[in-house]
Amino acid sequence: MREEQGLGPDPKRMRLAEIFSSNKSTDFEVLVKGWVRSIRRGKKWSFVVLSDGSSFGDLQVVVDGGLATYDRLKEASVGASMSVRGKIVESPGKGQSLEMQALEVEVIGLADESYPLQKKGHSLEFLREKAHLRPRTKTLSAVFRLRHTFSLATHRFFHAKGLYLLHSPVITGLDCEGAGEMFRVTAWDLENPLPRDEKGALDFSKDYFGSAAYLTVSGQLSAECFAQGLGGCYTMGPTFRSENSQTARHLAEFWMIEPELAFCDLEELADLAEDYLKEMIRSSFEECEEELNFLHGRYAPDLTDELKKMLDAQVRRISYAEALDILKKSKESFEFPVAWGKDLQTEHERFLTEKHFKAPVIVVDYPKEIKAFYMKQNDDGRTVRAMDFLVPGVGELMGGSQREDDLDKLRARMEELGMKAQDYGWYLELRRFGTTPHSGFGLGLERALMYLSGMGNIRDVIPFPRFPGHVGF
Ligand code: 4AD
């Protein structure tokens, strides 16, 4: 159309990521659309800084006062959306290598002075209250591009290892971890009297699914079935825990990545976990270099070096008994007791990784009482083939185990724990028909993002956090 009017070819619509990755001026016209981060107005010139979310860098747009559309800039303010046509040129100014010389500007959506992200440097707490707008900030947009990179790199990694992606169900009847921290799913109208059996207990046979249903705490049990057919698979999906934790490391809804492999013991699983984490660190530095420079610079100055050091070292592996020994011999005063049979608390995990080893560490062979029913029992009768992967700044990043593949031992353990074998008939059949030594772990995606970015609160690495007392947005 423009050509018919003698105006030359249509401008090329480009996102900033494309402009900055080519890092070249253009001899053709470009159309950019984004939001105003800042604006400096003058009589002869105005300078608009636009961001479109696609890259860490923003685009400085130089608008000549003689431009026919110059008046439209009056409506432009911080937060407004705009479209700008122009050429990309080398910037004589400091702080950017390229800028745009505008030929036409248009304000698409106004933003009035109540736009909350006016000033620089809002606190992360303030931004949590503006969770619908925080993707426009430097920090949160960087975190969420990192989240994307991590997710894609995860698919690439497991695909290359020959594992298949499994979409495990979100609604389930079983408590995989046995901790009883489940959200109930029901179609009952809770305003009405609920059906009860002759003993007065709620009668879930009359509810939607014909039995009690919950949001899943883990996709593991499904993954075990598919690993025992496909050889290896992994899940990546939301999981839910109703534990009453208000800590900076817990969410009620979080994303877990759970690989599961047949013919795999705990040592091989620990190798896989270590390879996976190292590959995620490499991919993050390769694909989100600017994001990590910015986040580490602002929130965790030593983290770049720490992560790079981690790439070159073998992750140390110790037993739970050895971990207890180190903790007992330390001069630290811990809030929670250090004793056989007590789970390691975040303070213990952080002592091991931040003060003692100053590096990630894998702890194996925990007492069976503090771990889930499905873990393989060691010959000592006291411990199970559990594995927790601990990292500095976060504590537990992955939890996994070799699974009990012996039908009789599994049945006996379930009985000990008072579990109903009839609810797990299909799970037990995996041991009856062609059982294999098999293993898997779960990595909390948000914990991994905290570790990589240096963000101190898990609520800042998930789009809309859910935690006790909060389900906003
Ligand atoms: O150690 P967990 O509970 O392990 C399981 O659920 C196993 N079924 C996994 C498996 O073997 N397939 O949880 C695994 C990981 C933890 O290491 C942690 O990173 C994360 O999930 N996680 C949480 N992240 C955020 N908020 C919470 N409330 C979390 N609980 C666990």
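The values are calculated or read from the model by the stated rules, or taken from the named source; none is laboratory data. Computed from a prediction, not measured in an experiment: that's the story for all the values here. Every residue, glycine among them, receives a Cβ derived from its backbone with ideal geometry; neighbour counts consider all protein chains shown. Keep in mind that these areas ignore ligands, DNA and RNA; they rest on the heavy atoms of the full protein, side chains included. Shrake-Rupley method; radii C 1.70, N 1.55, O 1.52, S 1.80 Å.
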Using the Karplus curve 6.51 cos²θ - 1.76 cosθ + 1.60 with θ = phi - 60°, what ³J(HN,Hα) values do you get for each residue of the stretch 353-364, in whole Hz, with x for Gly and Pro? 7, 8, 9, 7, 8, 6, 5, x, 8, 9, 10, 10
As a test of understanding, state the convex hull volume per residue of the stretch 22-62 from its alpha carbons, in Å³. 94 Å³
Karplus 3J(HN,Hα) series, Hz, for the stretch 196-210 with 6.51 cos²θ - 1.76 cosθ + 1.60 (x for Gly, Pro): 10, 8, 5, 8, x, 7, 4, 9, 6, 5, 9, 8, 3, 8, x
Lysines within cross-link reach of LYS24: Cα-Cα under 21 Å, excluding same-chain residues under 8 positions apart? LYS12, LYS33, LYS87, LYS94
So how strong a dipole does the stretch 297-343 carry about its Cα centre when Lys and Arg Cβ are +1 and Asp and Glu Cβ are -1, to the nearest 20 debye? 80 debye
Rule-of-thumb Rg ratio for the chain [Cα; 2.2 N^0.38 Å; N residues]: 1.19
Find the centroid of the Cα atoms in the stretch 347-388 and in the stretch 81-104, then give the distance between the two in whole Å. 55 Å
Taking H as built 1.01 Å from N, whose amide H comes closer than 5 Å to the amide H of LEU397, not counting residues under 5 places away? PHE389, LEU390, VAL391
With point charges of +1 on the Cβ of Lys and Arg and -1 on the Cβ of Asp and Glu, referenced to the Cα centre of the stretch 119-218, which listed residue (ALA201, VAL170, SER141) lies farthest in the positive direction of the dipole? SER141
Long-range amide H partners of ALA111 with built H, under 5 Å: SER77, ALA80
In nm, give the distance between the simple-model label positions of GLU243 and GLN101, each being 7 Å from the Cα along the Cα-to-Cβ direction. 6.0 nm
For the chain, the per residue accessible area (1.4 Å probe, Å²) is 50 Å²
Sorting ALA313, SER439, LEU98 by the position of each Cα along the dipole of the chain (Lys, Arg +1; Asp, Glu -1; all at Cβ), the one nearest the positive end of that ordering is LEU98
If you place +1 on the Cβ of every Lys and Arg, -1 on the Cβ of every Asp and Glu, and leave all else neutral, what size is the dipole of the stretch 84-192 about its Cα centre, to the nearest 20 Debye? 700 debye
Quick one: net charge of THR26's neighbours, Cβ under 15 Å, K/R +1, D/E -1? 0
Along the stretch 32-49, what does the Karplus equation 6.51 cos²θ - 1.76 cosθ + 1.60 (θ = phi - 60°) give for ³J(HN,Hα), rounded to whole Hz, x for Gly and Pro? 10, 10, x, 10, 6, 8, 7, 8, 10, 9, x, 6, 8, 9, 10, 10, 10, 9
Hey, how many Å between the Cα centroid of the stretch 286-345 and the Cα centroid of the stretch 399-473? 22 Å
Dipole magnitude of the chain about its Cα centre, charges +1 at Lys/Arg Cβ and -1 at Asp/Glu Cβ only, in debye to the nearest 20? 1480 debye
If amide H atoms are built 1.01 Å from N in the plane of the peptide, which residues on other chains or at least 5 residues away come under 5 Å of the amide H of GLU404? MET375, LYS376
Under 18 Å from the Cα of LYS358 - aspartates and glutamates, other chains or at least 8 residues apart: GLU274, ASP302, ASP305, GLU306, ASP312, GLU322, ASP325, GLU332, GLU347, GLU349, ASP388, GLU396
Kindly express, to the nearest 10 degrees and within the range 0 to 90, the angle between helix 303-312's C-alpha long axis and the longest C-alpha principal axis of the chain. 50 degrees
For peptides 163-172, 220-229, sequence by mean Cβ density within 10 Å, most packed first: 220-229, 163-172
Considering only the chain, percent of DSSP beta bridges that pair antiparallel, nearest 5: 85 percent
So, with a 1.4 angstrom probe, what is the percent of accessible area on the chain that is carbon and sulfur? 51 percent
